[in-house]
Amino acid sequence: MDILKKRGIKLVNKEVAGRNYKCSNGVDTDIGFIVEYRHIETINEIIDDIDKALAGNFDQIGNDFIGTDAGGIAFITSNGIEFYDEDGKNILPPVCPLDEFKDLLIAWRNFINTPPYNGQKVN
């Protein structure tokens, strides 16, 4: 079973004011964080860093901070992806396993790479 089905996540195209916006059904906090990533290059960099972490090569990760475009705060750690409050001080449970976060990132990347694209005008 893939990660989206396992967690009950649906990635959806939502029309607002004649434009398409990509989002999730809001049932999962990890994907709620991930949908704030809007740039494929950023997603690819994070996947690459998670691969390094999964291989035990933390010293090869240039920056363990993986904040989002909307201000979300998280770090890649040996325990998984750790999320923090808006002050960056208090860890928010639960920690997402690295492999699951990677699978969610890949699903999101694949979704935002398919038409209709985010912000595209809907006929």
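The values are calculated or read from the model by the stated rules, or taken from the named source; none is laboratory data. Predicted model, so just to flag it, every value in this text is computed and none were measured. Cβ placement follows ideal geometry from the backbone for every residue including glycine, while neighbour counts extend to all protein chains displayed. Ligands, DNA and RNA are stripped out before the accessible areas are found, and what is left, the full protein with its side chains, is counted by its heavy atoms. Shrake-Rupley method; radii C 1.70, N 1.55, O 1.52, S 1.80 Å.
Taking a probe of 1.4 angstrom, what is the accessible area of Lys6 in Å², to the nearest 10? In the full protein context, Lys6 sits at about 120 Å². Taking only Cα atoms, what is the 0 to 90° angle, nearest 10, from helix 98-112's long axis to the longest principal axis of the chain? Helix 98-112 and the main axis of the chain meet at about 20 degrees. Working from label points 7 Å from Cα in the Cα-to-Cβ sense, the Asn63 to Val12 distance is 3.3 nm. Excluding ligands, DNA and RNA, the accessible surface per residue across the chain is 58 Å² with a 1.4 Å probe.
Hey, any idea what % of the chain's accessible area is carbon plus sulfur with a 1.4 Å probe? Before the final figure, lay out each step's value.
Working: 3460 of 7140 Å².
About 48 percent, which is the carbon plus sulfur part of the accessible surface.
Comparing mean-square fluctuations of Ala55, Ala74, Ala107 from a GNM of the chain with C-alpha springs under 10 Å, the top value falls on Ala55.
If you count Lys pairs in segment 18-123 whose Cα atoms are under 27 Å apart, skipping same-chain pairs closer than 8 places in sequence, the total is 5.
Against the chain, whose longest principal axis is taken from its Cα atoms, helix 40-54 shows a tilt of about 30°.
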